[in-house]
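Coordinate-derived values only; no laboratory data. Just so it is clear, the structure is predicted and the values come from calculations on it, not from any experiment. Using ideal geometry, Cβ is built from the backbone for each residue, glycine included, and neighbour counts are taken over all protein chains shown.
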C-alpha cells in the first residue's frame, strides 16, 4: 500500500485538498493506521516550538558561535533584554545563516498563531505542527551553516545608507573611510558632541539705530546659530498693515554689509555671498503708513549668526552616510541638520537603543546651547 506523502498530510490538515484528491486521502486514512499515526492528535503550539527547538538547538551547537535557539526564540517572542537585542541585531546584520533561521522562526510562529483554514471534520484531521517542526529541523541540519568568509564579526553595528558601519571585537572601525575617530567614538559611547560657537546666543541686546516702537514683531531665522549656505534665507513674522520690509546685515563692528530693497514678502535671500567663517547681525524693518517698526527689539536677543567656514562646509559636502553627516553637522553647530540625520539613521535601524541614545544626547546639547 502506498502511503500519503508529508505534503499530502500537511495539505489534508490545512483543508487544502479538494475534489478527487481529498476523497482518495480520506479513504486512505480510513484504512491506514500508519498514516493516521503520523498525524498524532492533541498537539499544541508549545509542543511545536519544542520539536522545532530540538532541531535548531542541535544545529546551533554544531556551528558556534552562532545564535543559540533559546536566544533566537527570546528575540522572536520579544522576551529578550535590551542588551541581548542589541547584540543579536548586530550578529544578524553580519550572519546570513542566523538571519535566515530567525526569519524562518518568525514565519513559523506566525503560522502557528493563525487559525486553521477549515474546521476538522473528525479527529483524524490532526495538527500539522509536529510534522512541520521535523521538516524544518531537518532542513536546518542539512543546510550549510557557515558565516561569510570575508565578513568580520562586529561587536556593534548599524545600517547606514544601505551599508553597515560598526566596531569589531577589538574596537576597530569597520565600514567607514573618513572621520574614523569620531564615528568610532559615537558607536562606542552612543554620543555625538555639538559645537555651537560661543557668543552667538545672547539674552538681551540693544537695537541698531532705531528706538523700540509700540508694536513688536519677531525675526525667525537665522538667530543665534550657524548657517551652512553663504547666501542664507532671512525670515520674519508678518506685520499687519505693513506694505514693505527692508533687511539690513551688519558685521561684528555694526558696519552695514548688505541691504535688501523694499520687499513685500516675509523672507529674503541676498544675491551676493557672505564671507564664510564670519559672524553677522541682522534686522528687518516693517514699513507702513505709520512709524516704521524694527525687529528684533529688546528684550528679544540680537539676531546673530555665523556662516560655516569653508573647511567645515567642504567636509559636510564630502560626508557619506547619516552618521558621518550628523557628526560633521554637529561639529559645525548645525543642530537641526544633525538631528535630522540621526532621525534618518533611526529609520534604518528601527528600535535601535544606540541610535535613540545618540538622538537624546544631541537634543539635550542643542537645548542647552539654546538656553545660553
- Query: How do the peptides 246-252, 300-306 rank, highest first, by the average count of neighbouring beta carbon atoms within 10 Å per residue?
  - Reply: 300-306, 246-252
- Using packing as a proxy for protection, rank 188-195, 328-335 so that the peptide with the highest average count of other Cβ atoms within 10 Å comes first. 328-335, 188-195
